[in-house]
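The values are calculated or read from the model by the stated rules, or taken from the named source; none is laboratory data. Values in this document were obtained by computation on a predicted structure and should not be read as measured data. For neighbour counting, all protein chains shown are included, and Cβ atoms are generated from backbone atoms with ideal geometry for every residue, glycine included. Surface areas here come from the heavy atoms of the whole protein model, side chains and all, with no ligands, DNA or RNA. Shrake-Rupley method; radii C 1.70, N 1.55, O 1.52, S 1.80 Å.
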Amino acid sequence: MSEPFVSLVGAGPGDPGLLTLRARTRLEQADVVLVDALVSPALLALCPQAETVEVGKRGFQQSWSQDDINALLVSKARQGGGQRVVRLKGGDPFVFGRGSEEALACQAAGVPFEIVPGVSSALAAAAYAGIPVTHRGAGRSFAVLTGTDRHGPASYAELGGVDTLVFLMGLRHLQQITGDLIAAGRSPQTPAACIQWASTPQQRTVLGTLADLPERVRAAGLSAPAVTVVGEPAALHRRLDWFHPDEAGTRSLPLQGARVAVTRTRVQAASELAALLRAQGAQVSEIPLLNFQPASSPRTVVGALSGFSGWLLFSSEYAVRALVQTLLAAGRDLRLLAGAQLAAVGSGTAQALREFGLAPNLVPTRSGSRFLAAELPAEPGETVLHATSQHADPVLEQGLAERGLDYLPLETYRTAPARLTAAQQAQLQEAQVVTLASAAGVRALAQVAGTNFTAAVIGPQTEQAARAAGFSRLVLAEQPTLESLTNAVVRALQEAALAQPVLAAGAGCL
């Protein structure tokens with residue numbers, strides 16, 4: 001039981017990569033996360049252990065009241081004698097985020113709290129559009145204002161000495177804001193820009209002047225969320241637009257705007273595959289498909305390995321870590337493996353062994369259970385142990401049996417289907433094509449969401465498992481690597497003609 005504690009955490013402007021290290025740590029420690037509507041869903045992959053409650057406001061749609069959020073924040077912190085609660089807010093919690101109101105609610109209730117600052121969209125949106133809010137000779141000062149209040153010409157006149165104005169949540173009243181600024185004395189030719197979905201693949205920027213920006217925004221079809229920047233530095237967008245270098249204001253990337261759900265079948269905080277897909281312009285949601293549990297009988301594992309001098313096979317990185325945890329739970333350590341010969345299914349699994357000071361005796365020339373079985377230097381009649389889950393590997397078992405080897409699966413961990421939230425289920429169904437990177441991912445996806453997906457698969461073994469499970473629209477990666485799988489997503493999207501879902505499964509056994 002822990003003491004009640006609330007962390008008011010800024011999630012940044014949209015790009016998951018802009019989350020601070022402190023924010024990441026708090027998410028990994030959280031029991032409960034109260035999340036805003038505009039926070040990237042990818043950040044929730046950092047806290048699979050936590051209860052997630054969506055409390056965000058979205059424009060003028062019906063949503064939670066601030067009083068309701070304050071009350072929920074306090075009650076969740078006190079629940080069960082004390083919980084760690086993260087209030088995950090877009091941008092920075094103290095920049096038009098009502099973080100101060102939530103902090104005061106905690107203070108009044110006697111609940112300890114902290115503020116974890118985030119990258120404010122007020123600054124990030126301008127930066128991602130190549131607009132400095134200050135620039136020598138053009139902008140010596142700036143102010144951040146809310147666009148939901150009607151300041152009026154008189155109030156704007158008081159800001160006449162401020163060179164750059166940044167408006168948050170102002171798109172709905174853009175016509176009135178620009179008109180009032182002109183009435184307050186700003187030149188109608190003052191450069192101005194609107195940036196929608198800043199720092200994400202959907203980012204769009206419209207540049208104009210105070211006189212014509214509202215019409216340009218309407219013509220472009222921009223909608224919330226958007227940030228508006230007014231001042232001479234806005235004109236630098238044309239020269240400094242590093243994020244959208246083409247004249248059309250959109251990035252020419254193979255997966256620009258494509259919805260990709262990266263399903264994870266390993267315990268991992270962040271997905272390399274998701275990062276590769278985002279770099280190609282995809283909108284990525286990470287969906288955990290499996291929960292990992294300890295081995296049902298650590299003593300059985302210890303008994304099988306005691307004095308064992310044959311081959312011990314590992315077909316996933318998680319199997320390596322699970323075996324170490326199982327030995328420690330049984331009061332033993334890696335010295336129990338001193339007599340065994342170790343084989344890894346691929347380079348990633350081999351690296352996991354090396355991280356624990358274990359040098360693999362064999363890594364097959366090609367990743368995959370079929371190649372591991374074929375290249376294992378063992379004689380007929382030998383017993384081969386396989387560190388795995390409660391599910392044996394049929395491809396590995398068959399390949400070893402054909403060589404006269406005795407295959408013995410050793411349960412070092414167990415898996416169970418994850419319970420997806422409503423938001424995760426929606427992200428899964430809204431994805432445009434699916435990628436699969438392990439047989440475990442194939443089984444889990446088929447169980448929780450069916451097989452009606454166009455899929456990019458990482459290797460022949462995964463393709464075989466997918467066809468056996470009922471998947472029919474498959475695109476095979478040319479090499480069993482995450483980079484090649486990313487390319488397969490591009491081809492799958494093209495073949496699907498934007499008509500079916502893309503899902504990406506975290507890498508495991510091939």
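Taking region 475-486, which residues are touching a strand residue (DSSP E or B) at 6+ places or on another chain (Cβ under 9 Å) and open to solvent by 30 Å² or more (accessible area, probe 1.4 Å)? Leu476 - this is the single residue of region 475-486 that is touching a strand residue (DSSP E or B) at 6+ places or on another chain (Cβ under 9 Å) and open to solvent by 30 Å² or more (accessible area, probe 1.4 Å). Candidates are the residues of region 180-201 that are among the β-branched types (Val, Ile, Thr) and closer than 30 Å to Leu255 by Cβ; the one that is surrounded by the fewest Cβ atoms within 10 Å (Cβ to Cβ) is Thr200.
The residues of region 34-49 that are assigned to a loop (DSSP other than H, G, I, E, B), in contact with a helix residue (DSSP H, G or I) (Cβ under 7 Å, 6 or more places away or on another chain) and over 14 Å from Ala274 (Cβ atoms) amount to a single one, Cys47.
The set of residues from region 440-474 being open to solvent by less than 20 Å² (accessible area, probe 1.4 Å) and hydrophobic (A, V, I, L, M, F, W, C) comprises Val442, Ala444, Leu445, Phe453, Ala455, Ala456, Val457, Ile458, Ala466, Phe471. Could you check region 272-315 and list, in sequence order, the residues that are within 22 Å of the chain's Cα centre (by Cα), open to solvent by less than 10 Å² (accessible area, probe 1.4 Å) and not hydrophobic (A, V, I, L, M, F, W, C)? Within region 272-315, just Gly281 meets the criteria. Say we look at region 202-213 and pick out the residues that are open to solvent by 30 Å² or more (accessible area, probe 1.4 Å) and outside any strand (DSSP E or B); which of these is modelled with the lowest pLDDT? For region 202-213, the residue satisfying everything is Gln202. Residues that are among the basic types (Lys, Arg), in contact with a strand residue (DSSP E or B) (Cβ under 8 Å, 6 or more places away or on another chain) and at pLDDT below 95 do not occur anywhere in region 442-453.
Looking only at region 6-35, how many residues end up being closer than 21 Å to Ser100 by Cα and either touching a Phe, Trp or Tyr at 6+ places or on another chain (Cβ under 6 Å) or open to solvent by less than 20 Å² (accessible area, probe 1.4 Å) (or both)? Count: 14. I'm checking my understanding of the structure. Among residues of region 402-423 that are farther than 22 Å from Ala304 by Cβ and not aliphatic (A, V, I, L, M), which one is most open to solvent (accessible area, probe 1.4 Å)? Result: Arg419.
Within the span defined as region 381-401, every residue fails to be crowded, with 23+ Cβ neighbours inside 10 Å, assigned to a helix (DSSP H, G or I) and polar (S, T, N, Q).
Exactly one of these conditions fails for Ala126: (1) under 18 Å from Leu236 (Cα atoms); (2) within 38 Å of the chain's Cα centre (by Cα); (3) open to solvent by 30 Å² or more (accessible area, probe 1.4 Å). Give me its number. Of everything listed in (1) under 18 Å from Leu236 (Cα atoms); (2) within 38 Å of the chain's Cα centre (by Cα); (3) open to solvent by 30 Å² or more (accessible area, probe 1.4 Å), Ala126 misses just condition (3). With respect to the conditions (1) within 26 Å of Thr462 (Cβ to Cβ); (2) open to solvent by less than 60 Å² (accessible area, probe 1.4 Å), Leu336 lacks only one, and its number is (1).
Count of region 84-108 residues, restricted to those that are open to solvent by 30 Å² or more (accessible area, probe 1.4 Å), more than 19 Å from Leu168 (Cβ to Cβ) and hydrophobic (A, V, I, L, M, F, W, C), is 2.
Taken as a whole, the condition of being more than 21 Å from Gly348 (Cα to Cα) and either within 20 Å of the chain's Cα centre (by Cα) or open to solvent by 40 Å² or more (accessible area, probe 1.4 Å) (or both) applies to Ala426. Can you say whether Ile177 is crowded, with 19+ Cβ neighbours inside 10 Å and more than 26 Å from Arg278 (Cα to Cα), as far as the supplied structure shows? Taking the combined requirement at face value, the residue satisfies it. Residues in region 123-176 that are touching a Lys or Arg at 6+ places or on another chain (Cβ under 7 Å) and among the β-branched types (Val, Ile, Thr): Thr134 alone.
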